[in-house]
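Working notes, structure below.
The values are calculated or read from the model by the stated rules, or taken from the named source; none is laboratory data. This one's a predicted model, so the numbers in the text were calculated from it and none came from an experiment. Note that we place each Cβ from the backbone using ideal geometry, even for glycine, and neighbour counts take in every protein chain shown. Heavy atoms of the whole protein, side chains included, go into the accessibility calculation; ligands, DNA and RNA do not. Shrake-Rupley method; radii C 1.70, N 1.55, O 1.52, S 1.80 Å.
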Amino acid sequence: MVTSNRDLANWVDEVARLTRPDRVHWCDGSEDENRELISLMLGTGDLIELNQQTHPGCYLHRSDPSDVARVEHLTFVCTQDRDSAGPNNNWMDPGEARDKMKDLFSACMEGRTMYVLPYCMGPIASPLSRCGVEITDSPYVVANMRMMTRMGAPALERIEREGGFVKGLHSTGELDPERRFIVHFPDDLEIHSYGSGYGGNALLGKKCHALRIASYQARTEGWLAEHMLIVGVENPKGETHYIAGAFPSACGKTNLAMLIPPESYSGWKVWTIGDDICWMRIGDDGRLWAINPEAGFFGVAPGTSAKTNPNALAMLDRDAIFTNVAVTADNQPWWEGKDGQVPVKNWKGEDWAPGNGPAAHPNSRFTVPIAQCPSYSEQAEAPGGVPISAIIFGGRRASLVPLVLESKSWRHGVLLGASMASETTAAATGAVGQVRRDPMAMKPFCGYNFGDYWRHWLSFEGKASQLPRIFHVNWFRKNDEGRFMWPGFGENMRVIDWILRRCNDAVGARETAIGRLPDPADLNLSGIRTSPDALEELLAVDASAWRKELEEIGRYLDQFDDRTPPALRREQRAVADALSD
Ligand code: OXD
Ligand code: MN
């Protein structure tokens, strides 16, 4: 027996009997093992070597063209009753789902190797961390999970010490979209994923475990598992405040997580703890303490440039896996937005010339260990996590929503989160650019009924004495000509500066019906071209348009029937009433 954990040993046997692999390999996460896997994949064509002079240790993976994004319509949460999953999830009866998945997995690994990957989400020594084991027939998944999680021997040791772990079973199957399902059994801490090798569908530690299953676990255990970045902002006095931020997929979370302050902020520094997921728990001091459960980035490549994210570019010239990017004539990775080079082959490996459409897939990605980031903070390894001073919600809204506002209270902040909306992006299959409600950026990731989730959020008010302040931002306002009104990227530091001054009670705010807004004079605009008129518009409240928005929010909350907490409904009515006064 490879492990002293009986439950794990029995489960691996049972899966092997069902899937019938040629071989079973227990991953230890070592360098040697990784090298062997890479050379295996170079042999099969699963990986293609990139230019080793300019990009040592970098490889390209081209996915099946029908398998390029998360598939929300094929993702299910299988709670005992439909209401526990809520209208925010696709639901399937757990018994029916198990039967269906069993049929799919039956003999699916014949001729393949079955990899058993023990992993830990969060620092190995952290009490906030949780472990899982993914069984997969994809060596690409193993190589990615090795960067995205603490994978291998130390995780197995922790599992053997603690006993419990999340079980994730994955097979790429035939990559047939008709036979593709991502299924969660939160009561059993189990995930079954079949028919996709891509990102969140296949790297089960990420969205499936660290968000869907963990959010469910967090509710019962009294903590929060959120789709949030975590950054530390250090001021010239050397004081660091930590911020967590929830933004829907492909709305600039990775860029914000690695922000480089503009010249007028000399002496300031932004430290990266995480770019996608945040687990938070109330500490003994009544503050919320956060860890990033991940150990790597699975970031969207297009748009990553010297202007938008120099830190990301700097970490991508070694030891990274690129998925579905284009390549240049000298075999360097390329994507839209990467300056100074021209691609010759698109993401499918076809010859490419200008005018042939995007060369990289819009949802092409890089996978890289977080420690390679120039702004990496060693606090990412702190077992106790970091204390959060502010939570920021944000979406991609071309109109209406101001650049920044602060909630009037925790409860109002929960309403701000619950009523978040954003234009959809290429991170998931489906139409792009449509505004949809995406509460706390968790629409695709909350493992239970949103009504219960908001109740859980509200419950923190009575439980923690020093809760973070809650803010809402919108970097994506457009003017009548369709141009962005705010420069974004590094310049977002100016908004963060205001947020931190609010947290320290160092600056006032305008009380409005929708929340507290900055006085334009309190935003530091030195060195940018945003005109006073544009700023006024970015900070204006259009009462009649907001009244409509509040009506829509009310209708949205109603979809969750009596699961919607009355306190949240009252808060929504209070804002609507204030707008009518
Ligand atoms: C991601 C996503 O990949 O949110 O992080 O889609
Ligand atoms: Mn994400």
Quick check, is residue 451 without any contact (Cβ under 8 Å) to a residue 24 or more places away in the chain, small (Gly, Ala, Ser) and either surrounded by fewer than 22 Cβ atoms within 10 Å (Cβ to Cβ) or outside any strand (DSSP E or B) (or both)?
no
Among residues belonging to segment 260-294 that are buried (at least 24 other Cβ atoms within 10 Å of the Cβ) and either away from ligand 1 (no atom under 16 Å from the Cβ) or without any contact (Cβ under 8 Å) to a residue 40 or more places away in the chain (or both), point out the one that is farthest from residue 215 (Cα to Cα).
270
Scan 269, 237, 307 and give me the residue that is at pLDDT below 95 and either away from ligand 2 (no atom under 15 Å from the Cβ) or under 30 Å from residue 356 (Cα atoms) (or both).
307
In the set 484, 460, the lone residue that is among the aromatic types (Phe, Trp, Tyr) and open to solvent by 10 Å² or more (accessible area, probe 1.4 Å) is 484
Do you know which of the residues in segment 407-446 that are assigned to a strand (DSSP E or B) and surrounded by fewer than 24 Cβ atoms within 10 Å (Cβ to Cβ) is nearest to ligand 2 (Cβ to nearest atom)?
428
All-but-one check, residue 541 against (1) surrounded by 14 or more Cβ atoms within 10 Å (Cβ to Cβ); (2) not in a loop (DSSP other than H, G, I, E, B), failing number (2)
What is the number of the single condition among (1) among the aliphatic types (A, V, I, L, M); (2) more than 29 Å from the chain's Cα centre (by Cα); (3) open to solvent by less than 70 Å² (accessible area, probe 1.4 Å) that residue 101 does not meet?
(2)
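Listed here are the residues, each with its yes/no results for (1) in contact (Cβ under 8 Å) with a residue 24 or more places away in the chain; (2) closer than 22 Å to residue 290 by Cα.
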{"position": "191", "(1), (2)": "yes, no"}
{"position": "238", "(1), (2)": "no, yes"}
{"position": "241", "(1), (2)": "yes, yes"}
{"position": "249", "(1), (2)": "yes, yes"}
Tell me, yes or no, whether segment 180-192 has at least one residue that is open to solvent by less than 30 Å² (accessible area, probe 1.4 Å) and within 16 Å of ligand 2 (Cβ to nearest atom).
yes
Quick one: in segment 30-84, which of the residues that are open to solvent by 70 Å² or more (accessible area, probe 1.4 Å) and under 22 Å from residue 428 (Cβ atoms) is modelled with the lowest pLDDT?
73
Here is a list: 225, 214. Which entry is in a helix (DSSP H, G or I) and either modelled with pLDDT of 95 or more or within 13 Å of ligand 2 (Cβ to nearest atom) (or both)?
214
Of the conditions (1) under 18 Å from residue 408 (Cβ atoms); (2) within 16 Å of ligand 2 (Cβ to nearest atom), the single one that residue 462 does not satisfy is (2)
Test for residue 173: is it surrounded by 24 or more Cβ atoms within 10 Å (Cβ to Cβ), away from ligand 2 (no atom under 16 Å from the Cβ) and not aromatic (Phe, Trp, Tyr):
no
Which ones in segment 373-391 are under 27 Å from residue 201 (Cα atoms) and part of a strand (DSSP E or B)?
376
Report whether or not residue 256 is within 16 Å of ligand 1 (Cβ to nearest atom) and open to solvent by 10 Å² or more (accessible area, probe 1.4 Å).
yes
Of the residues that sit in segment 363-388 and are more than 16 Å from ligand 2 (Cβ to nearest atom) and among the small types (Gly, Ala, Ser), which one is nearest to residue 303 (Cα to Cα)?
375
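Residue-wise test of (1) touching a helix residue (DSSP H, G or I) at 6+ places or on another chain (Cβ under 6 Å); (2) assigned to a strand (DSSP E or B); (3) of a type in the set (Lys, Arg).
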| position | (1), (2), (3) |
| --- | --- |
| 280 | no, yes, no |
| 344 | no, yes, no |
| 349 | no, no, no |
| 353 | no, no, no |
| 368 | yes, yes, no |
| 371 | no, no, no |
Cβ-Cβ below 6 Å, separation at least six or inter-chain, first residue in segment 121-132 and touching a residue at least 40 places away in the same chain (Cβ under 8 Å), second in a strand (DSSP E or B) and open to solvent by 20 Å² or more (accessible area, probe 1.4 Å): which pairs?
121/130; 128/281
For segment 104-123, how many residues are open to solvent by 60 Å² or more (accessible area, probe 1.4 Å) and under 29 Å from the mean Cα position of the chain (by Cα)?
0
May I ask you to say which residue of 173, 195, 232 is out of contact with any Lys or Arg (no Cβ under 8 Å at 6 or more places or on another chain), farther than 30 Å from residue 451 by Cα and either modelled with pLDDT of 95 or more or of a type outside the set (A, V, I, L, M) (or both)?
232
Could you count how many residues in segment 214-227 are away from ligand 1 (no atom under 12 Å from the Cβ) and in contact with a helix residue (DSSP H, G or I) (Cβ under 6 Å, 6 or more places away or on another chain)?
4
Can you tell me which of 346, 356 is more than 30 Å from residue 494 (Cα to Cα) and buried (at least 17 other Cβ atoms within 10 Å of the Cβ)?
346
When you go through (1) open to solvent by 20 Å² or more (accessible area, probe 1.4 Å); (2) over 13 Å from residue 58 (Cα atoms) one by one for residue 363, which number turns out not to apply?
(1)
